[in-house]
Each structure stands twice: as structure tokens, then as C-alpha cells.
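The structure under discussion appears below in the form of C-alpha cells.
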Ligand code: SIN
């Protein structure tokens, strides 16, 4: 299959044209897609028309899928799909969480084996332009490579402590129950703190990436509290200065695949209210223990 690749920025991202993801991808094309994924970290496919089964089948061509630990937000009949939507049930309750979170993060970094990649499919976005709630990505390679030498040396052999529960992260606002539920004791028990190298080596490119995020990294193993806070504050300030490497303005039918091993992402802007529906389906590829 002939595909066309158009880089989205100098740092990361590429749009892939010429593919209908409803159908299985032949081996040669899959090879090209995998190498585009490795080289560009974020791939965009526009104008797709995917059923949940088709999204799952396309995703599985890259590897096994993860079932998200927040079971409540999974698509009925298709637990491989995490629903992100601002829709309401007839009794006024939320259908799911409205978005993936506005703090920078890398999916499932709080697990022993964090997600390798995620695929977010825009099932429905608001018709009114400008309120589709964009998503931003930043490169962990660039974050690492642009660190001052002194900071680079300090983080090289340290491990960050990652935790799912936002209410136990002093750098994040408490969970707003208008948009998502507080963590139950059972969910907390399933997601104890996990330690991962703060500088992660990508298994395919061999490049080093800064592997921390303000949303999930709450500490540094083995450091006294004042030193830990001073270092994390400096690193998060560096990430904030780096800003967005790519901002995606969603249209219905877009699918974005990204590499969680070398990027952070976040939802931007205000969550719109129905009738402006933003409904996204996310599949998540299982990953390895970071090193
Ligand atoms: C995510 O964090 O997985 C999705 C971000 C979004 O909802 O824009």
C-alpha cells in the first residue's frame, strides 16, 4: 500500500495519508507505519470511520492491548476501549470521564509496565469550531536533551515515584468530581506507587527521554524531601518552559497514535457541555518495564 507521510513539526508528529484503517494493514505497510511511529513518536490519521472492533483490530497490529485499571470507564462489550466523553446519561450522570487529564502525563506511568502507546479516536467532536478541546504533546527526548548539564547529571541515575491518585499529588488540584470520580480504596490498592528511571532509554531508538510528569510523578526515590521537591520543581519548570511540541485540533474521524515512552501529553482548554459532544475512544498498547 502506498502511504504518504507529512511531518507535523520538526520535533515530533507526522500525518499519514492514504490509509483506510477499517481494513487489515499488509506487512510491508505495517513495517513502514512502525518505523514512522518510531521516528516521529506521534502519528495522525484523518477521516477514518472506525467501529470499536475496527479500532481494536488496528491497534492490535502494533501489539497486545491493555485493559485500563479504571474499569468504570470502559466501553460496554469492548473493555479494550477507554471512553473519554462529556456526554450525560438520561438521569444527568456522566457517561465517563470527560478527558484524559489536563496535567502533562504519559499513560499508565504509575504501573509496573507503563503503556507503550495509546490510540485516541475522535468518535464525535463539536461542530462549532474552536471548542473541540485540543490535545498537546511534548517530546521527552527534547526535554532531556535541553536540560542544563548540571540537572542532566543529577537525574541520570535517579528513579521517579509515580502514583495514579491525583488527590495524593500536591502539585495537582484535587479531583473535580464534576468530571471524574475520586479513587476508591480498591482502586488505590490496585495502583500503589511505582518507581521508574527518570531518564528512560527508548528500546528501539536507543535515545534517552526525560520520563517524569507533573500529573503522575510525586517524588524521587531515596532523596530527602526538600531536595526531592527542589529537583522536581526545577524539572517540571523545564518541561513547562518547553511547552507544547504539537497541538492537535480534533475533527471527527481523527485517530492519533502516540509513543508514551518518549512523549507526554495533556488535554487543553475547557470541557465543553452537551450539546457540544466530545467523545473519544482510547485503546492502549501494553509496554515493558522502563530502563
Ligand atoms: C489522554 O490523556 O489519553 C487523552 C487526552 C485528551 O482527552 O485530550
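No value in this document is a laboratory result; all are computed from the given coordinates. A quick note: this is a predicted structure, and the numbers were derived from the prediction, not measured. Don't worry about glycine lacking a Cβ; one is built from the backbone with ideal geometry, like all the others, and counts go over all protein chains shown.
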Inset, instruction - Measure off 7 Å from each Cα along the Cα-to-Cβ vector at residue 31 and residue 9, then give the distance between these two points in nanometres to one decimal. - result: 3.2
Inset, instruction - Sort 291, 144, 23 so that the residue with the fewest other Cβ atoms within 10 Å of its own Cβ comes first and the one with the most comes last. - result: 291, 23, 144
Inset, instruction - Using a Förster distance of 25 angstrom, determine the FRET efficiency expected from the C-beta separation of residue 189 and residue 226, and round it to 0.05. - result: 0.25
Legend entry - Value of relative contact order over the chain, rounded to a whole percent, pairs C-alpha under 8 Å and six or more apart: 34
Inset, instruction - May I ask you to sort 238, 31, 265 by Cβ crowding, counting other Cβ atoms within 10 Å and putting the fewest first? - result: 31, 238, 265
Inset, instruction - Express in nm, to one decimal, how much length is gained between residue 93 and residue 288 on full extension, taking 0.36 nm for each residue of separation and deducting their alpha carbon distance. - result: 66.6 nm
Legend entry - Ordering of 50-56, 247-253 by packing [mean C-beta count within 10 Å, highest first]: 50-56, 247-253
Legend entry - Relative exposure of 218, 67, judged by other C-beta atoms within 10 Å (fewest first): 67, 218
Inset, instruction - Can you tell me the order of 112-119, 147-154 when each peptide is scored by its average per-residue count of other Cβ atoms within 10 angstrom, highest first? - result: 112-119, 147-154
Inset, instruction - Rounded to the nearest 500, what is the 222 nm mean residue ellipticity of the chain from helices alone, with -39500 (n - 2.57) per DSSP H run of 4+ residues and division by all residues? - result: -6000 deg cm²/dmol
